[in-house]
Ligand SMILES: C[S@@+](CC[C@H](N)C(=O)[O-])C[C@H]1O[C@@H](n2cnc3c(N)ncnc32)[C@H](O)[C@@H]1O
């Protein structure tokens, strides 16, 4: 309730908040969803990400990091931004040795990182850590504050968070020029009344990181799609909340207690990366992991399982089977495999 109360006071003092301001407070402000004492991206938390599902996610991405190191040579640094519990770095660093950094804004996540990957240096902003090499961001950009634009006959409107008779409510105001410009450029055809999540901070983040890398690659993995593919989802928009692994309530109902997220518009990210001089590739997660050899690894696990069945070691066979099942989930074309991976090389 503390976050809800402080948001109400702020709105009473200075007027409605743009949705990106509201989302920033609800996720990262005092008592916010990522700012409290709870570590969110773990099995007992609120959502389950690829590195939490299977260590083979990090182990497979280790090959991407090695390919980039072979391409650009030393000095070379690996940075994961939004590293959460450290599950990706832990499984990746079990495969290769590399100078590794983690960037996290969440205090409980920073504590977890220090415990789980003690060799990794932990920073609270990208500017401290990112350098020549590879930057990974898994399910980060869907959590960066975004604005909500609505297509109206007279142009773009923007939703703001105000106080109504029953608590927080959304009202419409004319869109800020930068919000309207982004929506015009990146949302593709949008019917009147449809909703677009305007991801200016995600675009700025890509721009900043590519500048900091100088030479190397940025790999962004997230749910989302191109502007064209997102078109059918515009009618109600893609903004949603998660709590305890399930879709949560309206984002205005329990700020600070739910994750707030939306599909990432990869068309916008690709355009920014190209403007920054990067060579850009957009893949599906299942294709990226296949290219990096995950299916061969799955076949190897299957063979090992059969060997264990022959040897009669039932416990070891079951463990192998569960490794295999978890890793297969990374390739599920209707689940994690349908995530997108943006590779931007400089
Ligand atoms: C959905 S979690 C994903 C965690 C991890 N990457 C995974 O796949 O399990 C998003 C994480 O990004 C962090 N985060 C959000 N904005 C950030 C920023 N600007 N810089 C660094 N970390 C950020 C949050 O604190 C949170 O831990």
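The values are calculated or read from the model by the stated rules, or taken from the named source; none is laboratory data. Everything numeric here is computed off the predicted structure, so don't read it as measured data. Heads up, the Cβs are rebuilt from the backbone with ideal geometry, glycines too, and the neighbour counts pull from every protein chain shown.
Here are some conditions: (1) crowded, with 21+ Cβ neighbours inside 10 Å; (2) within 30 Å of residue 52 (Cβ to Cβ); (3) more than 16 Å from the ligand (Cβ to nearest atom). Residue 158 meets all but one. Which one does it not meet?
(2)
If the Cβ limit is 6 Å and pairs must be 6+ apart or interchain, which residue in the stretch 138-151 that is modelled with pLDDT of 95 or more pairs with which residue that is assigned to a loop (DSSP other than H, G, I, E, B) and near the ligand (Cβ under 6 Å from one of its atoms)?
139/49; 140/82
Using the structure shown, decide if residue 149 is part of a strand (DSSP E or B), in contact with a strand residue (DSSP E or B) (Cβ under 6 Å, 6 or more places away or on another chain) and within 13 Å of the ligand (Cβ to nearest atom).
no
Taking the stretch 9-44 only, how many residues are part of a loop (DSSP other than H, G, I, E, B) and either more than 24 Å from residue 88 (Cβ to Cβ) or modelled with pLDDT of 90 or more (or both)?
Qualifying residue count, the stretch 9-44: 9.
Please specify each residue of the stretch 44-98 satisfying the condition of being surrounded by fewer than 20 Cβ atoms within 10 Å (Cβ to Cβ) and on the phi > 0 side of the Ramachandran plot.
The answer is 73, and nothing else.
What number goes with the only condition from (1) within 16 Å of the ligand (Cβ to nearest atom); (2) closer than 27 Å to residue 188 by Cα; (3) surrounded by fewer than 17 Cβ atoms within 10 Å (Cβ to Cβ) that residue 246 does not pass?
Answer for residue 246: the failing condition is (2).
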